[in-house]
Amino acid sequence: MKRIFLTLLLFKTFGLLAQNDVITVKLDTWGKDDRFHKYENTLALFKVQGDTIKSLDFEDLRPAVDIIIKKPQGYRNYAYGYLFFTGSSNLLNPGFVTVLVADYNTVAATLWVDNNQNFDFTDDEKRTLPYFSNKGIEIEIGDDKNGKNRIALTRTMLFGKLDLRKYKDEYYNYYYKDRTFIGLDYTYREQRYLAKSGIVKLNDDSFRIALHDGNSNGRFNDNDTDRLIVINYNDSIFDTTNDLFSSKLSSDKKNNYFEKNGKIFEIIEADPLGNYVKIKLSNSDLLFGKIAVGKKIPKVNITTHRGEKKNLKKLRKHQVFMYFTSLTSKNFEKDTAILRKIAAIDSCSIRVIMFLYANKSYTVRIFGSQSKANYTIALGHKILNKKLGIRGLPQTLLVGKRRKVIKYGITPEEYLKTLTQTAD
């Protein structure tokens, strides 16, 4: 086959979107992060003694103090607990918002959240808590002025969890001997919404974007703590741990960039309350972690969907087209169909590798087995991202002989067209 020459695409646009256009994205939905379903945080409750509760001493790390409260009247019993919130600045129980639960051992347990932090629960909103497997409720802590988080509360379910019951009971009875724990059966599972999300709509693309409150203080623009996260439109979980989608906000403007669908955006402004974010298509020529054209890619080991271990160094005599994607990435079905055509053109000179990113490795195995692809399907992972400068999905990397970089971001369709034109 003749030597392949590529016409590099120097600029890409979003149709009518110019590079200096600032996009303001309204973040009007609470989103779930990667911890939402994983963590088993418990809202523990302790009996109220008269009109007195105790501050949280956090496993004896600071002395507990007595706090006088004002209770709504007409209930048989009362319990209290704490919701972690670093935006709370009250002097008696800093870093926590106190809650009061009345008739906690009945079908209609009642909740008050002391968001104004005056320990007077008669001026707070009253909510009915779920009974056993009933649908949970969602509450907000903090306020509109200083920032807030949202929390889902469901009854703690202990069926088949004898070890958890024993551990929790022992924990609260050991560390909080100066107060009476009402028992795990009357507690609630706490799941936090820490992301404010919205949809970026462009002329030829759309995806979800969110600001994530990393320190639970109700503010969404703390440098080096809070994050901007992007996910595919059809996805629902904002993953804070994956550098393909998550970028820490930085006081250094040169670091406030993210990549989505092969395009680099600059973060212009993140609203402190998480109500909006401003972004724009970047006109910067920064590499953003990519390897410069003409430079060698490092030695990279890959694992195929069959579990085989391979080293890309062995392909130094070939041109290698790498496609990085997930099952929900933009144009997934179209691109994978084109990969088959590319792989069939010249199997002696060209190799095609699809790196598939999934939460579970068996997803890659299943897809690889069912697709019967004529190219290599391998597992995408964080080490690969770091070595090859992959910061978003989908992405492509074309390398030539001796592992030298030719081009990032050329689509399968563009590459196929170049190959067919060269063949003609």
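The values are calculated or read from the model by the stated rules, or taken from the named source; none is laboratory data. All figures in this text were calculated on a predicted structure; none of them were measured in a lab. With ideal geometry, Cβ positions are generated from the backbone for all residues, glycine too; neighbour counts draw on all protein chains shown. We work out accessible area using only protein heavy atoms, side chains counted, and drop any ligands, DNA or RNA first. Shrake-Rupley method; radii C 1.70, N 1.55, O 1.52, S 1.80 Å.
Some values worked out for this structure:
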quantity: Potential extension, Tyr362-Ile345 segment - 0.36 nm per residue separation minus Cα distance; calculated: 3.1 nm
quantity: Nearby lysines by direct alpha-carbon distance to Lys161 (threshold 16 angstrom, same-chain neighbours under 8 apart not counted); calculated: Lys38
quantity: Extension gain (nm, one decimal) between Leu202 and Asn116, 0.36 nm per residue minus Cα-Cα; calculated: 26.9 nm
quantity: Residue-averaged [θ]222 nm for the chain, counting only DSSP H segments that reach four residues, each worth -39500 (n - 2.57); calculated: -4000 deg cm²/dmol
quantity: Cα→Cβ-extended label distance, 7 Å offset, between Asp185 and Ile67, nm; calculated: 2.8 nm
quantity: Gaussian network model of the chain, springs between alpha carbon atoms under 10 Å - residue of Ile53, Ile67, Ile377 with greatest fluctuation; calculated: Ile67
quantity: Label-point separation in nm, Ala337 to Ser89, each point 7 Å along Cα→Cβ; calculated: 5.8 nm
quantity: In range of the label at His37: residues from segment 295-336 whose backbone nitrogen is under 20 Å from the point 7 Å along Cα→Cβ; calculated: 326-329
quantity: Efficiency of FRET from Cβ geometry, Asn77 and Asn255, R₀ 56 Å, rounded to 0.05; calculated: 0.60
quantity: Carbon plus sulfur fraction of accessible area for segment 358-424, probe 1.4 Å, in percent; calculated: 50 percent
quantity: Share of carbon and sulfur in the accessible heavy-atom surface of segment 181-259 [1.4 Å probe, %]; calculated: 36 percent
quantity: Contact order normalised by residue count of segment 229-357, Cα under 8 Å, 6+ apart, percent; calculated: 16 percent
quantity: Rounded to 10°, Cα long-axis angle of helix 412-423 versus longest principal axis of the chain; calculated: 0 degrees
quantity: Rg(Cα) / (2.2 N^0.38 Å) computed for segment 16-151, rounded to two decimals; calculated: 1.28
quantity: Size descriptor, Kirkwood hydrodynamic radius, that averages inverse alpha-carbon separations across the chain, Å; calculated: 24.7 Å
quantity: Residue-normalised accessible area of the chain, expressed per residue, 1.4 Å probe, Å²; calculated: 51 Å²
quantity: Pairs beyond 28 Å (Cα-Cα), from Lys201/Lys334; Lys135/Lys201; Lys310/Lys360; Lys26/Lys407; calculated: Lys135/Lys201; Lys26/Lys407
quantity: Segment 127-175-segment 312-387 distance, computed between alpha-carbon centres (Å); calculated: 43 Å
quantity: D (Stokes-Einstein, µm²/s), Kirkwood Cα radius, segment 146-260, 1.306 mPa s at 10 °C; calculated: 92 µm²/s
quantity: If the convex hull is drawn through the Cα atoms of segment 189-320, its volume per residue in Å³; calculated: 182 Å³
quantity: With 5 Å bins from 0: P(r) over segment 216-277, alpha-carbon pairs, percent; calculated: 4, 17, 28, 28, 18, 5, 0
quantity: Computed Rg/Rh of segment 148-211, alpha carbon atoms with Kirkwood Rh; calculated: 1.28
quantity: Inter-centroid distance (Cα atoms) of segment 68-92 relative to segment 225-248, Å; calculated: 34 Å
